[in-house]
Protein chains: 2
Amino acid sequence: MSPMRVVKTVHELQAMADLERRAGSRIALVPTMGALHRGHLSLIDIARRHADRVWVSIFVNPSQFDAAGDLEAYPRPLAADLAACRGKGVDAVFVPEAREIYPAGSQTWVNVTELSRPLCGTSRPGHFRGVTTVVAKLLIAAKPHVAVFGEKDFQQLAVIRRMVRDLGLDVEIVGGKTVRESDGLALSSRNQRLDTGARRQARVLSKSLDAAERAVAAEERDSARLLHLVRSEIEKAPRAEIAYVELRDPESLEPAPPRLTGSTLLALAVGFRPNPGATGAPVRLIDNRVLHLPPEEENSP
Amino acid sequence: MSPMRVVKTVHELQAMADLERRAGSRIALVPTMGALHRGHLSLIDIARRHADRVWVSIFVNPSQFDAAGDLEAYPRPLAADLAACRGKGVDAVFVPEAREIYPAGSQTWVNVTELSRPLCGTSRPGHFRGVTTVVAKLLIAAKPHVAVFGEKDFQQLAVIRRMVRDLGLDVEIVGGKTVRESDGLALSSRNQRLDTGARRQARVLSKSLDAAERAVAAEERDSARLLHLVRSEIEKAPRAEIAYVELRDPESLEPAPPRLTGSTLLALAVGFRPNPGATGAPVRLIDNRVLHLPPEEENSP
């Protein structure tokens, strides 16, 4: 096995991609912002199943952060990340400087309009424009056959799929199932910012999704009642501040009808306040589940 | 020589590109909106000098037109265009339907912010967003090593160069010199919309650029006087309506300083009214020249 390459420039990565493609190898890219956890590692495993070469990008993308403080606070454990990639047999890691991705005078943005607006787009203006711009650049740099993204960031995945389809980018987008802690909390690099109390309470997120799934299995089809149920579950955590709990079409992200049918996305974002008396902003977590509702029988009473 | 291929889908073009690239061939793309004239043919000649395969795209891009009427009026002589490409030994022509480039539900835009604002951007909001979006899609579809654009559309070329640099697209952008009629009028598919009187008067555009070049050779360095000279030349044509005459930095497109130095873009857009009594909107023509001013000697009196 050849040693893992660490690549810093777009030019070098494109040259590598051209060589691999000429040799008939398939390339899979796993774009990340580093601080790799088991969720990322599961995406690397998926990538391996789709390709001969697995490349990981590690780039904390400034343009998708709304607050400068959030960008600065983002963890950057590069040595550990590289070791984790090596341990997974990753073939190359792309670790560009910000100036490589946003050269001086940069002014080009890739924007997916409708899908970027609701849910996280409402409270994070410009966030998805940053995501789509950097993902377009990473796909252009790595020229992969496949790129793998986690389903935890459901809206991000939907926005990226639409961008790839609209631009005609010659890459298959694969979603990876959300990986969870034993109590159900979805893995996220933000989890390490939770204090002990908030961490314990954060389990309400997956519990509220489970409750929704059970309700749907028990024939609940009323959108308002389902949302009320989910909110009630979350509000059992005193430190939880709901940003949104919504039911939407999984592809168009348009609001679900009052009476649910077919596949429906249940998406939520919740902030968890720090210990009373402690300083610091709430840690915002997201989670989601696609609920599968059987079609209503016609002529039912 | 194998016969020219006519390709209608992005998928087919990408498969062709992959095969050519694997075989080590260089691809040059000449993106056009059809209605090919000698200006386009000169771009095809340039493309041939840069590559083994020359591909031409013919697509009247709806998203770069401001007025629906202008889009409808745009000439579409496809049979003649294909014959012209065949005559030039073009290897493939890409003639997608609008739905192929803008699939149902399309909502992804590529936008170059600052460079798209001045000059033609002022009176044509959204025009360059349409241009950069379609050019990004065409470059993604054809995966060329080189793409050739005319220098007549100077701002378009500047915007495209910036987009390619910012996104890291692995393609060399080559500009082709403006081709002119014997009286100096820059070739444009819009010229055929001029009536005889307007056509004769349209020669003032290149004459005004010549006058500016002579003035600069005679040591004129005052921006305001140079602009006045150019406007006076254009206003000799009674049917001319100046949209803009401007001096700008050729790369950043920022306004030139009052005292000119170095390379300076002189760009103009002028509408030509139809025959008095005739109906129809003025035909808007553009032209430009990069003026090369020697640096001022220090300590000059």
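Summary of values
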item: Residue among B:Ala92, B:Asn288, A:Val179 farthest towards the positive dipole end of the protein assembly as shown, charges placed on Cβ; result: B:Ala92
item: Antiparallel DSSP beta bridges within the protein assembly as shown, as percent of all bridges there, nearest 5; result: 55
item: Position B:Arg225, label points 7 Å along Cα→Cβ, spacing to each other copy in nm (shortest first, one decimal); result: 8.5
item: Sorted by Cβ neighbour density within 10 Å, fewest at the top, the residues B:Cys120, B:Cys85; result: B:Cys120, B:Cys85
item: Tail weight of P(r) past 40 Å, computed on alpha-carbon pairs of the protein assembly as shown, percent; result: 39
item: Kirkwood Rh and Cα Rg combined as Rg over Rh, evaluated for region A:189-293; result: 1.02
item: Förster radius 56 Å - calculated FRET efficiency between B:Ala218 and A:Ser263, Cβ distance, rounded to 0.05; result: 0.15
item: Reciprocal of mean inverse Cα separation for chain A (Kirkwood radius, Å); result: 20.5
item: Fraction in percent of alpha-carbon pairs per bin - 5 Å, region B:41-83; result: 5, 18, 20, 17, 17, 14, 7, 2
item: Extension gain, A:Leu71 back to A:Arg5 (0.36 nm per residue minus Cα-Cα distance, nm); result: 21.1 nm
item: Other copies of A:Ser252: label-to-label distances in nm, shortest first, labels 7 Å along the beta-carbon direction; result: 4.6
item: Nm distances between copies for B:His37, ranked from closest, using label points 7 Å along Cα→Cβ; result: 6.2
item: Cα centroid of region A:144-171 to Cα centroid of region A:19-62, whole Å; result: 14
item: Within region B:40-57: backbone nitrogen closer than 12 Å to the B:Ala23 label point (7 Å, Cα to C-beta); result: B:52-54
item: Residues B:His37, A:His40, A:His127, sorted so that the one with the fewest Cβ neighbours within 10 Å comes first; result: B:His37, A:His127, A:His40
item: B:Arg99, A:Arg86 arranged by Cβ crowding within 10 Å, fewest neighbours leading; result: B:Arg99, A:Arg86
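Read-outs: derived from the displayed coordinates by stated rules, not from any lab. If you're wondering where the values come from, they're calculated on a predicted model, not measured in any experiment. Note that each Cβ is placed from the backbone with ideal geometry, even for glycine, and that neighbours are counted across all protein chains shown.
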